[in-house]
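Participant: Encoded as structure tokens, here's the structure I'll be asking about.
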Amino acid sequence: MNSLDYIRLAESHSARNYLPLPVVLAKGDGVWVEDVEGKRYLDMLSSYSALNQGHRHPKILAAMQEQMGRLCLTSRAFHHDTFGPFCRTVTEACGMDQVLLMNTGAEAVETAIKLCRRWGYTKKGVPEGKAEIIVCDGNFHGRTTTIVGFSSEKSYYDGFGPFTPGFKMIPYGDAVALEKAITPNTVAFLVEPIQGEAGIKVPNDGYLKAAREVCTRNNVLLMTDEIQTGLGRTGHLFCYEYDGIRPDVLIVGKALGGGCFPVSGALASKELMSVFTPGNHGSTFGGNPLACAIGKAAVEVIIEEKLPENSFAMGQYLRAELAKMNSRHVGEIRGRGLLIGVDIRPESGPARRFCEKLMGLGVLAKETHGTVIRFAPPLTITKTEVDWALERIGQVLK
């Protein structure tokens, strides 16, 4: 079968909830992937930051294969020997006391929401059923009905109501609006340090610091969603570090599974996590032996190979070289580390046609929000590989 055969087969038997580029991938190694015809491409998307360590990292594969030979699933009805070591590794790396492990990013967000609401009722004294959580315009935190219910993007929520109440939306990047929106029933503020799906929107310096101060002053929990921006993607282990703050709840996923398995979690202090008791929350697959073995190796790779540092250096270089192109098609280049958005001018758009041309030259990137090309390669990328990509990007943007 060739690529067209595979695409026709998928379109015949799968719901069309995605619009992929017309490429059918069969192999991956590091920053490179290969299609069914044997053509190589540089992966500049990294599965939306789930592949920070690159495709098939040998240490992660070894941990996965070793664990598969012993034990894959127990459910949390029993203890298993990879759970504690992984929890220790991830909490120490993140600077948090405890973690509640789940599978997908959306599940981790749902966990954080439940955590903050329960804290509001049991600790802050909010009347039952009245807890409020503040979110931002342009947010993307997942696809569950609760989460899309507080989205501002019509394509995410249209036709899926009725939705869960208790959420209030404010402009992104506006700490004054945050303070004005807080009431005695406000339990938390949920925010992305950079809005990825909204088009790689980077707030002004100091925004998270101001938000931290507002939350502390008003006894409101600060939740940072670092599912896309965390684990080295933006040039620090976590993007909130740029503002020198600590959230009350840290939400992680994607790269926590090392590009091999869905692993996610919500992290917080021991005091905050104490609002959960047995039976309050759970997941059959959350924290399973295979996930824990993979997750532990995934975190170790990020730290041992200094991937945040490489992301910072390569990101600076990539953004600078993109700016030097002075393309008439580009309105703005924004981002941090290796999470970069190239905003295509309306008269030159949409961004997808640029992504299709890049694909033809061997560079895989994806449009977001219609007008933005997202460049987010694995954090293992070298300067030689960045230059290889830049040569082809230049051909398209110039």
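Participant: Just to check your reading of the model, which residue among VAL299, VAL330 is in contact (Cβ under 8 Å) with a residue 60 or more places away in the chain and under 30 Å from TRP119 (Cβ atoms)?
Facilitator: On inspection, the qualifying residue turns out to be VAL299.
Participant: Tell me whether the stretch 122-134 contains one or more residues that are of a type in the set (Asp, Glu) and either more than 20 Å from LEU221 (Cβ to Cβ) or part of a helix (DSSP H, G or I) (or both).
Facilitator: no
Participant: Follow-up. Of the numbered conditions (1) surrounded by 21 or more Cβ atoms within 10 Å (Cβ to Cβ); (2) touching a strand residue (DSSP E or B) at 6+ places or on another chain (Cβ under 7 Å); (3) closer than 24 Å to LEU256 by Cβ, GLU197 satisfies every one except a single condition; which is it?
Facilitator: Condition (1) is where GLU197 drops out.
For (1) free of Cβ contacts under 8 Å to residues at least 12 places away in the same chain; (2) buried (at least 19 other Cβ atoms within 10 Å of the Cβ); (3) among the small types (Gly, Ala, Ser); (4) over 27 Å from ILE340 (Cα atoms), each residue gets a yes or a no:
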| residue | (1), (2), (3), (4) |
| --- | --- |
| LYS39 | no, no, no, no |
| LEU51 | no, yes, no, no |
| ALA62 | no, no, yes, yes |
| VAL90 | no, yes, no, no |
| LEU115 | no, yes, no, yes |
| ARG118 | no, no, no, yes |
| VAL126 | no, yes, no, yes |
| ALA131 | no, yes, yes, yes |
| CYS136 | no, yes, no, no |
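Participant: Looking at this structure, is LEU256 surrounded by 22 or more Cβ atoms within 10 Å (Cβ to Cβ), touching a residue at least 24 places away in the same chain (Cβ under 8 Å) and out of contact with any Cys (no Cβ under 8 Å at 6 or more places or on another chain)?
Facilitator: The answer is yes for LEU256.
Participant: Is it the case that some residue within the stretch 78-88 is surrounded by 21 or more Cβ atoms within 10 Å (Cβ to Cβ), assigned by TED's automatic domain parsing to the domain that holds THR229, in contact with a Cys (Cβ under 6 Å, 6 or more places away or on another chain) and at pLDDT 95 or above?
Facilitator: Yes - at least one qualifying residue is present in the stretch 78-88.
Participant: Is it the case that PRO165 is of a type outside the set (A, V, I, L, M, F, W, C), in a loop (DSSP other than H, G, I, E, B) and either free of Cβ contacts under 8 Å to residues at least 40 places away in the same chain or buried (at least 22 other Cβ atoms within 10 Å of the Cβ) (or both)?
Facilitator: The answer is yes for PRO165.
Participant: Which of the numbered conditions does SER75 fail, given that it passes all the others? Conditions: (1) modelled with pLDDT of 95 or more; (2) surrounded by 12 or more Cβ atoms within 10 Å (Cβ to Cβ).
Facilitator: Here SER75 meets the rest and fails (1).
Participant: Which of the strands (runs of 3 or more DSSP E) contained wholly in the stretch 175-259 include at least 1 residues that are closer than 19 Å to LEU338 by Cα?
Facilitator: Once the strands (runs of 3 or more DSSP E) in the stretch 175-259 are filtered for at least 1 residues that are closer than 19 Å to LEU338 by Cα, what remains is 221-225, 249-252.
For every residue, the table says whether it meets (1) touching a helix residue (DSSP H, G or I) at 6+ places or on another chain (Cβ under 9 Å); (2) under 17 Å from PRO203 (Cα atoms); (3) of a type in the set (A, V, I, L, M).
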| position | (1), (2), (3) |
| --- | --- |
| LYS306 | no, no, no |
| MET314 | yes, no, yes |
| GLU321 | yes, no, no |
| MET325 | yes, no, yes |
| GLY331 | no, no, no |
| LEU338 | yes, yes, yes |
| GLY341 | no, yes, no |
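Participant: If you don't mind, another one. Give the residue, chosen from LYS254, LYS209, LYS270, LYS296, that is of a type in the set (D, E, K, R) and over 30 Å from HIS79 (Cβ atoms).
Facilitator: Exactly one residue qualifies, and that residue is LYS209.
Participant: Name the residue that is nearest to THR146 (Cα to Cα), counting only residues in the stretch 168-180 that are hydrophobic (A, V, I, L, M, F, W, C) and surrounded by fewer than 18 Cβ atoms within 10 Å (Cβ to Cβ).
Facilitator: Going through the qualifying residues, I end up with MET169.
Participant: Another question about this same structure. For GLU347, indicate whether it is over 18 Å from the mean Cα position of the chain (by Cα), surrounded by fewer than 19 Cβ atoms within 10 Å (Cβ to Cβ) and closer than 18 Å to ARG233 by Cβ.
Facilitator: The answer is no for GLU347.
Participant: Please state which one of GLY159, GLY173, GLY105, GLY149 is at positive phi, out of contact with any Pro (no Cβ under 6 Å at 6 or more places or on another chain) and outside the structural domain of TYR18 (by TED's automatic domain parsing).
Facilitator: GLY159
The values are calculated or read from the model by the stated rules, or taken from the named source; none is laboratory data. Keep in mind that what you see is a predicted model, and the values were worked out from it rather than measured. Glycine gets a Cβ as well: all are built from the backbone with ideal geometry, and neighbour counts include every protein chain shown.
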